[in-house]
Structures are given as structure tokens and as C-alpha cells.
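Step one of this worksheet: look at the structure below.
The values are calculated or read from the model by the stated rules, or taken from the named source; none is laboratory data. These figures come from a predicted structure and were not determined experimentally. Cβ placement follows ideal geometry from the backbone for every residue including glycine, while neighbour counts extend to all protein chains displayed. What goes into the accessible areas is simple: the full protein's heavy atoms, side chains included, and nothing from ligands, DNA or RNA. Shrake-Rupley method; radii C 1.70, N 1.55, O 1.52, S 1.80 Å.
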Amino acid sequence: MTAPNLIVTASPHLKDRDTTPRIMWTVTASLVPVVLSSAFFFGISAILVILAAMLGALLTERALSKPGTLQDGSAMITGLLLGLSLPPGIPLWMAALGGAFGIGFGKVIWGGLGQNAFNPALIGRAFLQTAFPVAITTWPTPGGSFFALKGDLFAFPFMHPVSDVVTSATPLGLFKFEQKLTSVVDLVLGTTGGSVGETSALVILICGAFLAWKGYLNWRSPVSILVTVFVASQVLHFLNGKYPDGLFMVFSGGLMLGAVYMATDMVTVPTTNKGRWVFGVCTGLIVVVIRVFGGLPEGVMYAILIMNAFTPLINRVTQPTVFGTVKLKEAK
Amino acid sequence: MSGHQHGAPAAPTPDAGSSTARLLFTLAFFGSLAGAVLAYTYQKTLTPIRKFAGEKVEIAVKEVLGSPARLDTLFLVGDTLSRSVPAGVDKLEAVKVFIGINDKGERTGVAVEEAAPGFANEVRLMVGFDPATRALTGFKVLAQSETPGLGDKIQKDSSFVARFVGKLVTPLKGDKNQTTDPSTVQTITGATITSKAVIKVINKAVDTWKPRLDAYAKEGGQ
Amino acid sequence: MTTEALTTAEAAEPIVPGAPPPQPLWLDFWRGIADDNPVMIQMLGLCPAMAISNQLANGLGMGAATIFVLVCSSLLISLLRSVIPTEVRLATYILIIATFVTISDLVMQAYFPLLSKTLGPFVPLIVVNCIILGRAEAFAGKVKPMRAMADAFGMGIGFTLALCTISAFRELVGSGMLLGYSIFGPNYEPWVFMIMPPGGFLTMGLMFLVMGWWSERKKAKLAGVAA
Amino acid sequence: MIANLSWIFFSTLLINNFTLAMFLGLCSFFGVTTKMDTGWRLGAANTFVLVMTAVAVWVLNTFVLAQAPYLRTIAFIVVIASLVQIVEMAIKKFLPVLFRELGIYLPLITTNCAILYLALTQTTRGYGLVEGIVYALGGGLGLTLALTLMASIRERLDVADVPAMAKKMGLVLIIASCMSMAFMGFAGMGSG
Amino acid sequence: MAFFGFAHGVHPPEEKGLTSGLPIRRMPYPAEIVLPLRQHAGKPAKLCVKVGDYVERGDPVGLADGYMSVPIHASAAGRVSAIDLWPHPDGSYAQAVHIKVDTYSMQAARPRLVPRWEGLSVDQVVKAVQDAGVVGLGGAAFPTHVKLAPPKDYKVHTLIINGAECEPYLTSDHRTMVEYPERVHFGCRVMMHTLGVTKAVIGVEKNKPDAIAALERTKPKDLDITILPLTVKYPQGAEKMLIHAVTGVEVPSGKLPVTVGVVVQNVGSLAAIAEVFDTGLPLIERIVTVTGHGLTRPANLIVPVGTKLKDLLAYCDGVTKDASEVINGGPMMGMAVANLEAPVLKGTTGIVVLTKDEVRNEKVYPCIHCGRCLDACPVFLNPSWLGDLARVKRYQEMADNHLADCMLCGSCSYVCPSNIPLSQLFQASKVALRRIQTAGAA
């Protein structure tokens, strides 16, 4: 018998096949249909916006982080999700800036992957929302030629977008400011105004279900968000007909994208399953409160960010009960 | 005390404790000195402060009423209007309505102060309107803390202010698009809430003050 | 006062417990601007440093008011340091400071009404600015008037400089202007973010980051030399 | 009335949060938020003093200061300092356990600008007694919320691999910025 | 019996098919056996032979040193050729007795008196079991006689027999149950008699239907023995998990099973007890599963204790080219062996040879707080948070977060997508914590 080339490692010697990069890249891959649907509705503009956001995120990660962190794919997801949550006509420099801001202040400065308390994509989005409130609420009309540029994509960096945009309000905006409801069929299919990747609720839902089935997404927070939003708005609708019904609320705006892809970012939501329920229910309630009573038509981004801030607290109070300690507590 | 200067321990008294009388005296002395100094400063600065406050209101009134020849001021006493300041209230702080009168002695409009919650905080306006026709003569922002560059257009964008002149408050409505409706105003893109707050303030002003003015007119006051 | 008595007084100075060690006057002054900058190093007075720093004019106004209160109160406290009993010194300091704050508030209302309006309650809030009470307690109450003044000026200018840096940055990026004059031209897309509250925190954070980066670099260099 | 009070409460708690939007009480916000327990305890103590101050300020404004508005700042700061002192003594005497936990933070409250800010704005806005108390409650709870959240995030960061340059204060301010940004989502609430 | 399983846990690939169908074979005696004196939990045995002595099979070479200790017996007849420090499977060196196996010996044990268990008092049974050197054969090697005499303060009502064998690859217990069910039942009878309990439950994972069938078939009519099929999950065989699965009761944190009136024993140990009261032979050989994709011919073997691993592997036709790690025990909790000179011990359940592809990927990513370890931990700890604490060396806080309840089952490490060696960190932290506590006490 020949002496084998032995190595010695610590137990356990077996390992589940999933790795962090594998999770990240699967999530990225699952977003491909969402990107394709956005390209279908908004043409080349959608692709350009997504690419710009990704470029901003990846370059910042490359410049500020330790070498080799690009491979884990998390910066890619941040850029992709940010791009999907922006209006298709936003100047590209803004999209890239948002990506850079999200990665820089939302992730790298916290110590990199796994340490940040807030979702970097949403930090980038919130920054853009606050910094350029007009550009980010200018919604071009979907449809038209594939190669037609919507809005002033190529505005000179740091300069005002100049060309006029053919705008159409988002369903939520229409409702908030003009009390007009959009049909649920349009919302589900996505033939409405809105951000690049948030319009087609159906595609997102299918992609999310696929991820959940593969086990790369914890279904608890998205399910609790969607159910809470539906129930809460249905109750409001029942109390006073001027408030929108549950179906409209669930399928409009960025709720689907937020619930499926942003409220499941493992780093920034509670680690405990109990905590994920709490997170989801609270996020859903805040979404309804902001949409119905707040000044903004859409509140998913803010709701998730606010609950991100609560995450360490939720984690703390929802720690699992250690095996064999229930009796001890009772005895005390 | 400061919490940040832990390095400085309380100095022990050199003369082994001052008497309570001395402590009280010191505090009383400095207290009265401070009071005196402040009273003096207050007297000195009161005139310019009041002048500025008065001027500010006057400028606003003149602006919303289109520089009338003469201004009449009515004060709110209880729920009715009166020519005299209610007892015990400073003239500057009393709730009042300004009536613009042109050189022919006709009433051109009235100006009142009104406020409502905006996007960030309260929006306070001077609203000028003609109580007879419910037509707006203009408005001026007295206080707001809306989003800079967006919501604050209600103060800084004169074209927005101009959109309101001549509109009928029956009541006033807002719309995203350009409109020719006499009681609809185009809102600011991206600042719908603030625009609506302005509209709300105007509606509130007309709704609360028109009955009071009508009642006052019925009683024969002019 | 004879020369001899003066020498005795000089020698007696460090006996006051907790009194700062003797130093050249210019160092008393310089310390507040650089090594002991109230905002950047001691992290005092952060509230006004962020709350009113969205325009350079505000920073200047606030800085001026603070310098006024700081210098006047330091001078007065230093002058009266032997009169005020230790037990009630803090109460007296607060009285003195509050008086000067109210004076500056009234004067601003009267002669700079617009600035006073934008600064709002932050002028009277100078009373609780830890810098002022801190200097009174740690310095002015224990040294001679000249040193107290130098220190107060230094601290005040240090505070104002920090304030101006922050507010200039925020105004420049947030509206493309400085003191109301357009710098980047009419087509500049302002980052409204910077003049909103999160921008205040961010700008301050950036300053601390730059300082942190600088001190890390220095540390690394020292380590490199040592190695 | 109820609508007005709830507007005061929620706008102070969420939209114009004392810490995150008005930049008040930052010394304690940055200074004592390394542990969550101290964070929320300080917040609770602050809330208590805020409510007491609101009552005291109402009394002062109604009965004492009407004739001498120029003495407001002095009167308020003296009242606040005494209040804190009284509260400290009362807690020490009647709730010694709580005092042991809160003791070192109580004097810090005097220099917390949120208290004086409350006194001043309560005056300029002409709030009555009930409005003042609700305002103080909103402000105090907002403060507590910000302190607790900040502390819980910082506790989590204790085990994180934060870059050296951000360790001291930089990151804490970035966190504050992010939280402030998140709370901007409530803007415009109650105006719709 | 509310539950037949437990919450959480993981599902590593079982890989038991390699050996589960192979009958147990006896391995021929090697040329030399090495018997470390430290083979069990508790004090090592006391040496009682010297170089040059001739020992028969079953003669003691080390005697029990106190109550928490058992003797070590020669597993083959031969001459003591050396007593020295020799590689121990745990990676250290330990005092060991070398016996040069007598090739011409019949390898028959000395004739001995077989005790009749029915007539013995509890103390005598305990003594007999201790003298026979019986320890838990599930891996921990806890002296079995100690379990036979639980503290008098507790009333034991159930004997639970652990036939779960949840570790992947291993089939030694499985084959024991299939081929020697009578011995299991006999050992069970002795234990029940000694403990004075009337009820016994044998827990067997559902993936061993042949074992369940064999046990059912041979079940004695006069005893209340239940054979309970358990869900297939790792670590179903952990003592506390098994008790929870069988009785629905959680053993209080930091307490022994006996506090809830339960004694747990491994099927292998029962067979060993049966051997003691059947033939009088002490524990000198055991059933070892030699398996893994890195091994040419996997097998279930009766191996004399003290056989060197290299001899064992050679008997199985050696390892394949891509073999990269040899593990003493199961792949989840077993330890990698650095030196194949180390011998098989009483507690060696199996030897697994892993290939390059199976060995953990060593690139460690930061914790992304995915929460998978929380779902995996059988004792409901928060390994993610504990891991963070361990990284910054906050051991005291780890203790406050129930580090002591961690049984190092490795489920968290197994699921961690970031490859964080959680269970290794916890082991190190436990050591560090003990050091801190001793230092504090001193």
C-alpha cells in the first residue's frame, strides 16, 4: 500500500454543496428573466440603466475593497437590483453614482460583505431619491421602439437632464395624486409606468418562487410582507372605499421586487425565522402606512430600510430558545 | 456638568466652604445682573425686531393684494371681527385680516395668514383673495421647510405663484397637467404634496375667513 | 502691586487644582484650532455643526455668535474666578453664558433678521453647546484673562472653521452655490441630499473618515519607520 | 383636537425626529450608544425629563415669563438644570436600583440640547399644556428610538471587520446618515 | 412518545450503501498490535505488563485506575515487544503497549469463569463489566459500567438503546443489529435487569429496515422492548436528540440524561456486554466500518483493538489515487488522522477515506447571516452569532449564550455556505473558556 497524500482538516469533513458565491450567482441568474422583461417593456434604456448601475457598483467594489471580493457576486447583485429599481429614463451618470454610493457607504465602509446593516442597493436608491428627486420620479411610458432612448440617459455627468421625457405616472402615483386605479391585469403583466424591473409582478414572483424552491431564498419575509400588505390594505379598503384594495397594493409599485429580492437579502434581515416574520409584518405595515397616509406614493424602499435599522434589535429579541432551557427557566 | 470634561475634578474650596448666605448672594447678584443687562438689551432691540416683523407682514400683504392704496386691519375677537385689538394681546401677535382698499375707496381684496402641514413641516402662507368672487389675488409663503430645490419652489418659483392669481377657490384643485379650468392649478412636478399643501392652505383660508368677513359686512362694518 | 507680588501670583497659578499647565499664549490660541479642535477632535458641538450647516452663511453666522459668547463669557468668568464660590460656579457660569447668548440672539433678531430666522432656535441653543461650558469649567475659571481669551478665540475659530468647512461643502454640492453665488453654473444638477439631514451626517462622517484615513496613514508610516 | 395631537406626536416621533432630522442630543447619540441597555435607558430618562420640562415650561410661560420674554433662555436652562437635579435626587432616594443603572447618565441630560430645544419651540409654537406633553412624548420616544437602534447596530458592528479609518467615528455618522435617510420615508405623512 | 424525531438538523448524503449490505468479516491478525492505555473517557489505564512478557488473548495489559476507568486487554496472544509513546488517532502521542503477535498461537483465550448474570448483585455486574473493559462503542468511549449504576437520587424508568447511527458512511451498528440481534437483546436484558427498569426502547433510523426487522424478529417475548423507527437526520444519534425523539422530553441544559430518568446505551456496547456474560471475553475486538470512496474495497470488519490503521487499510486493498483524507469515526464528528501508524481503538466506529472532491472547500467567506446554521443546530443555538463572538474572542459572552450546550455535532459547519469552520471555532472557544475559568478560580 502506498502512503496517500494525506491532509488533516477539522470536522465535519463533509460540506453542503452551497457556497456564498453560489447563492449570489444563482440569485443573479434568477434575475435574468426580470431583466429581459424590463428590456421588453422599456427597450434598450432599461439595459443601459442596469449596466450603468452595475458599473458604478462593481468599480467601487473593485477600487475600495480587498482584492477578490468581486468574485463573490454580491456587488453584482447590488448593482443589478439598484438598476432594476430606477426609472428607465434616469441619466446614466446618476445610476452609476447610485451604485457607487450604495457600495461605498452601504457596504465597504461597514467592513464589506456580511457586515452592513442596510441593504446597499436600497441605500443607493434612497440616496438618489433624496439627491435627485425629480429625475428619479420621472417615469417614461413603456413600449415603443426597442432602440428609442427614453429620457435623457446621456446627460452630461453632474448636469441637469435637458431633453423632455414622455412621461406616464406610475400606478401608485396615479392613485395617490389623481385617485385613478390601474387594472390588476396590467399590474401583473407589467404594462405600466414604473421602474425598470418592478413593473412585471408576475415575472418577479415566478423567479422568486424558483429561488425559494431551490432554497436560496427564505420565503418567510416575502410571504409575510405580501400577506400583511394585502390584509392591511383590504381592511382599510373595507373601512373606507377611498383607500385602494389589497390586490392593487400587492401588485403595484416596487413591492414585488422589494419583497422578493430586497427583503430577503440575508445580510440585512433577521437571521432567525421568528425574526423574519416580525420583519415581514412590520415592513408590510410601514409600506401600507407610507403609501396610504404618507407624502410619497411608494414606500417599499423606505419600509425595508427602516426595518433594516430594526434588524439587530429583532435579532436580539427573537433568539431561539436553547434546547433544554425551557424547564430551567420555569424552575427559576 | 458638561460630561465631557471628566479630567477636571471639582476644585476644593480654598477657604473651607463658603457660607450659604454668600452662595445665595452670589447667585442672586448674578441673576439680577443678568436680568438687568437683558432687560436693557431687550429694550434696545425691541424696536428693530418689531419693525422687521411688521415690515415682513406688510410686504407680504402688499404683494398678495397688488399694492393697494390703503390697508385696513381687522382683528379677530372670539369669532367675530373688530376694528380694535382684543384686550391683553399684542398688536403684532393678534390674529388679523388685512383689507386692501384702492384709491377709489373700493375693497380690492383681503389678506389672511393660514397654515397647514406640508411635506416636511408646516407651510404658512399669506393668502390674498376677493371675498365677493372667491378669486385669488395671490399668496406669499411666510414659512416653510420643504425639500430644497423641489418643494421650496412654492416660495422660489415665481411662475408657480403666478399660476394661482385669478383662480377661483370653489374650492381650488390641483392637477399634474396644464389646465384651463378656472379652479384647477397645475402642481409642481415631483412636489405634488407640497403643491397640494398650498392649495389646502388656500382653501382653508377662504373657507374660514369668508364667513367671518361676510358676517362683518352684514353688520355694517366696512 | 510689586514685582515680587507678581512673581508670587505667577507661581501660585498652577496651584489651582486641575488648572492647565502654563503655556505660551499662542499655543493656547492654536490648540483650539488644530490639536484640540472642538468639533473634529473633541467632538463637541456636533448638533449645531450639522443642524445649521447646509449653507455657508449659516455657518459663518453661527460661528460668529459662538465666538462672541465664548469670548465674552470666558473673559468674564476668568475675571470673576476668585469671586465665584466653587459650590455654585457651574450655576453662575450658566447664568453668564445664557445672558450672553440671549444678547446675541436679540441682536441677531434685530439686525440680521433673515439669518436669525434660518438659524432659529439654534442660537439660544448655544447655551447648551458643550464647548462653552466645557471651556469655562476646564480653562477660563482657572486661568488669567489673557489666556482665557486666547483659548476662547482659538476654540471659537476652530469651531467656526469646522462649521464653515462642512457648510461650504454641503452648500457647494447640495446647491452648486457658495454664499448664494452660483459656482457650477446654471446647468448643475444639485444633490439635494447634501442639504437634507442625512447629508449633514454624511458630510460630518466624511470628515471623520478623512481624518481617520490620515491618522492611519501616519500610523502606518511610523510603523514603517520603526520596522 | 385628537388629529392635531396625533400629528404633533407622529411628526415629532418620525418625520422631524429630534435626533435624526433635527440633530439634537447628538453628544449622547454618539457617546453612549455602544451598549443597547444604556442606549434605551438614557432615552427613557430623557423622555421623562422632557415631559417634566414641557409641564414646567408651560407653567413658566403662562404665569411668569409673559412679561419678560427676554429671560426665557435663562429661565429655561435654570429650570432644566434644577429639574435634572431633582429627578436625580428623587430617583436616588426612591428607586435606588434604577439610579444605579442610570446614575451616570442623568447629569448628561442637562446639556442635551433636545431639552432646551423643546422648551424653546414649545414656546414659539404656542403649545398648551396637553400639546406640550404630547410634543415632549413624541420627541422623547423619537430620541429613545434613535438611541436604541443606533446602539443595537453598533453592538452588531462590534464583531464586524470595520476598516480602521472608519472605526472611531466615521462609520457611526454614516450609520446615522443611513438611518436619517430611512426615516425620510415618513415625510409628508399626515398631509395627504 | 410524541415525537419520533427532533427539530432542525441536517441531511448529509448518507453513502451507507457502500457497506450496509456487506456481512461482517473477521480480519486476520496483523503482525503487531498497539494498545494505547488511553482509549476511553476518564483516567487512562495503569500499565501492568513489561517488555518481554507473554500475554494470551484477553489478558490485561493495563488495569482500571479508579472508578472512572477501565482495563485494557491484549487483543491477540504474543510478546510485549515495546512500551513507548505511539501515535494516537487523536493526533497526539500516548503511552502504548506493543504486542508482537504470536503467529503460531491458536489465539484462544485462557479458560475463564463466565459469570451468571442472574445471580449477581448490581455491584457485581458493574464490577464484571468494568473488568471486561467495556466502554461505549458509539465513539465517545464512556465507561459502560458507570451507566449501569446511576446516582441513587434519580429514578430511572427507561433504557434507550441507540441504534440510530446517523453519521454518514458508518454501518457497524447497522450490521451488528442485522447480524447479531440476539446479542443486542441479551445485552439489553442484562442492562434492564441491572438498572431495574421494565421498559426499553431501541431507536433505529428508518433507513435501516433490515435492522428493524431483525430486531423485531428476535425480540424476547418476556421483555417490554420497543423498536422505534426514527426520522433519518443528522445528529439523530446524539444522546439528547435521541431522548427527545423517544420520550418527547428535553434533557435540561447542562444536565445528564439520568435527570429525566433515562439511560442511553449504544447497540454495540450491548453486544459487548452480551459477550462478557456469554463467553467471558473482555472487549478486545470491535466491529469497524472501513469505507469511503477513497478506499478500494470497503468492508465491515471485526478488528482486534490495536490494529494499526495502515494494516487495516492494506487489508481493504489500500486507498485509491484520489484519496486525500482518512477519518477516524464518521465524517461529521470524526477526526482526520495524520499518521496511519495509529491503531484502532475501542471507540473506533469506522474509518472513512474521503476523496479530494469530498473534502471541504477551504475558501472562507464572511458570514452573510443567512441563518442556515440556526435552522441546522439541533440544540437551537445561534451559531452565526457565536461564531462572530468567537472571532473577536468574547468567550464569556459565548458562555452566556449557551456555548456549553454545543455538542460539536458540526451541523452548522456542514451547512455554512461561507465555509466558516464554526464547530472548530466552538471547540477552540470551549478550551479557551475552560482556561479562563480555571485561571479565574485559581
Scanning region B:57-70 for residues that are surrounded by 15 or more Cβ atoms within 10 Å (Cβ to Cβ) and without any contact (Cβ under 8 Å) to a residue 60 or more places away in the chain, which turns out farthest from the other protein chains (Cβ to nearest Cβ)?
B:PRO68
Filter region A:136-161 down to the residues that are farther than 16 Å from A:GLY56 by Cα, open to solvent by less than 10 Å² (accessible area, probe 1.4 Å) and touching a helix residue (DSSP H, G or I) at 6+ places or on another chain (Cβ under 6 Å) and list them by number.
A:ILE136
How many residues does region E:221-244 contain that are in contact with a Ser or Thr (Cβ under 8 Å, 6 or more places away or on another chain), farther than 17 Å from E:SER20 by Cβ and either buried (at least 21 other Cβ atoms within 10 Å of the Cβ) or touching a residue at least 60 places away in the same chain (Cβ under 8 Å) (or both)?
1
Taking the residues in region A:139-165 that are over 26 Å from the mean Cα position of the chain (by Cα) and closer than 20 Å to A:GLY197 by Cα as candidates, determine which candidate is modelled with the lowest pLDDT.
A:GLY144
Looking at region A:121-137, I want the residues that are within 11 Å of chain C (Cβ to nearest Cβ) and have a partner that is open to solvent by 10 Å² or more (accessible area, probe 1.4 Å) and small (Gly, Ala, Ser) with Cβ atoms under 7 Å, at least 6 apart or on another chain. Which pairs are those?
A:PRO133/B:GLY190; A:VAL134/B:GLY190
Quick check on region E:193-220: of everything there that is within 13 Å of E:GLU182 (Cα to Cα) and among the charged types (D, E, K, R), which residue is surrounded by the fewest Cβ atoms within 10 Å (Cβ to Cβ)?
E:ARG217
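Okay, residues lined up against (1) without any contact (Cβ under 8 Å) to a residue 24 or more places away in the chain; (2) within 30 Å of E:HIS11 (Cα to Cα); (3) within 14 Å of chain C (Cβ to nearest Cβ):
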position: A:PHE118; (1), (2), (3): no, no, yes
position: A:SER168; (1), (2), (3): no, no, no
position: A:LYS180; (1), (2), (3): yes, no, no
position: A:LEU187; (1), (2), (3): no, no, no
position: A:LEU202; (1), (2), (3): yes, no, no
position: A:ARG220; (1), (2), (3): no, yes, no
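Collect the residues in region C:49-62 that are more than 8 Å from chain D (Cβ to nearest Cβ) and in a helix (DSSP H, G or I), keeping them in residue-number order. It would help to see each step written out before you state the result.
Step one: list which residues in region C:49-62 are more than 8 Å from chain D (Cβ to nearest Cβ), which gives C:49, C:52-62.
Within region C:49-62, C:ALA49, C:LEU56, C:ALA57, C:ASN58, C:GLY59, C:LEU60, C:GLY61, C:MET62 qualify.
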Which listed residue, of B:LYS104, B:LYS96, is touching a strand residue (DSSP E or B) at 6+ places or on another chain (Cβ under 8 Å), basic (Lys, Arg) and modelled with pLDDT of 80 or more
B:LYS96
If we take region E:75-188, then strands (runs of 3 or more DSSP E) inside it with 3 or more residues that are of a type in the set (A, V, I, L, M) and over 24 Å from the mean Cα position of the chain (by Cα) are E:78-87
Would a scan of region C:92-112 turn up a residue that is farther than 25 Å from D:ILE80 by Cα, hydroxyl-bearing (Ser, Thr, Tyr) and in a helix (DSSP H, G or I)?
yes
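If you go through region D:67-103, how many residues are farther than 26 Å from C:VAL69 by Cα and open to solvent by 70 Å² or more (accessible area, probe 1.4 Å)? Steps first, please.
Quick first cut of region D:67-103, residues farther than 26 Å from C:VAL69 by Cα only: D:86-103.
From the residues that got through so far, the ones that are open to solvent by 70 Å² or more (accessible area, probe 1.4 Å) too are D:86, D:89, D:92-95, D:97, D:100-101.
Of the residues in that region, 9 qualify.
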Number of the exception - A:LYS107 against (1) open to solvent by 20 Å² or more (accessible area, probe 1.4 Å); (2) farther than 19 Å from A:VAL34 by Cα; (3) touching a residue at least 12 places away in the same chain (Cβ under 8 Å)
(1)
Exactly one condition in (1) modelled with pLDDT under 90; (2) closer than 29 Å to C:ALA19 by Cβ is not met by C:GLY156; state its number.
(1)
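Check region D:81-101 and report whether any residue there is small (Gly, Ala, Ser) and out of contact with any Ser or Thr (no Cβ under 9 Å at 6 or more places or on another chain). Walk me through how you get there before you give the answer.
Here is the first cut: in region D:81-101, the ones small (Gly, Ala, Ser) are D:81-82, D:90.
Still in the running and out of contact with any Ser or Thr (no Cβ under 9 Å at 6 or more places or on another chain): D:82, D:90.
Yes; the residues of region D:81-101 include at least one that is small (Gly, Ala, Ser) and out of contact with any Ser or Thr (no Cβ under 9 Å at 6 or more places or on another chain).
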Please specify each residue of region A:1-54 satisfying the condition of being open to solvent by 10 Å² or more (accessible area, probe 1.4 Å) and among the hydroxyl-bearing types (Ser, Thr, Tyr).
A:THR2, A:THR9, A:SER11, A:THR19, A:THR26, A:THR28, A:SER37
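Would you point out which residue out of E:LYS321, E:LYS363, E:LYS356, E:LYS310 is open to solvent by 10 Å² or more (accessible area, probe 1.4 Å) and without any contact (Cβ under 8 Å) to a residue 12 or more places away in the chain?
Working: E:LYS363 fails: without any contact (Cβ under 8 Å) to a residue 12 or more places away in the chain; E:LYS356 fails: without any contact (Cβ under 8 Å) to a residue 12 or more places away in the chain; E:LYS310 fails: without any contact (Cβ under 8 Å) to a residue 12 or more places away in the chain.
Result of the check over E:LYS321, E:LYS363, E:LYS356, E:LYS310: E:LYS321.
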Helices (runs of 4 or more DSSP H) within region E:337-418 that include 2 or more residues farther than 25 Å from E:VAL251 by Cα
E:383-391
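Got a sec? Which helices (runs of 4 or more DSSP H) wholly within region C:114-227 have at least 3 residues that are more than 14 Å from chain D (Cβ to nearest Cβ) and closer than 30 Å to A:ASP152 by Cα? Steps first, answer last, please.
On the way: elements: C:130-138, C:145-175, C:192-195, C:197-226.
The qualifying helices (runs of 4 or more DSSP H) are C:145-175.
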All helices (runs of 4 or more DSSP H) inside region D:78-192 with 1 or more residues being facing chain A (nearest Cβ under 7 Å) and in contact (Cβ under 8 Å) with a residue 60 or more places away in the chain
D:129-157, D:170-183
Pairs needed: first member in region B:185-200, within 11 Å of B:PRO117 (Cα to Cα) and open to solvent by less than 10 Å² (accessible area, probe 1.4 Å); second member anywhere, at pLDDT 80 or above and not basic (Lys, Arg); C-beta distance under 6 Å; at least 6 residues apart or different chains.
B:THR194/B:ILE154; B:ALA197/B:ALA116; B:ALA197/B:VAL123; B:VAL198/B:ILE154
Scan region E:250-273 and report the pairs whose first residue is at positive phi and crowded, with 23+ Cβ neighbours inside 10 Å and whose second residue is part of a loop (DSSP other than H, G, I, E, B) and modelled with pLDDT of 90 or more, with Cβ atoms within less than 7 Å and a gap of 6+ or a chain change.
none
Conditions (1) part of a loop (DSSP other than H, G, I, E, B); (2) more than 9 Å from chain D (Cβ to nearest Cβ); (3) buried (at least 24 other Cβ atoms within 10 Å of the Cβ); number of the one not met by A:VAL260
(1)
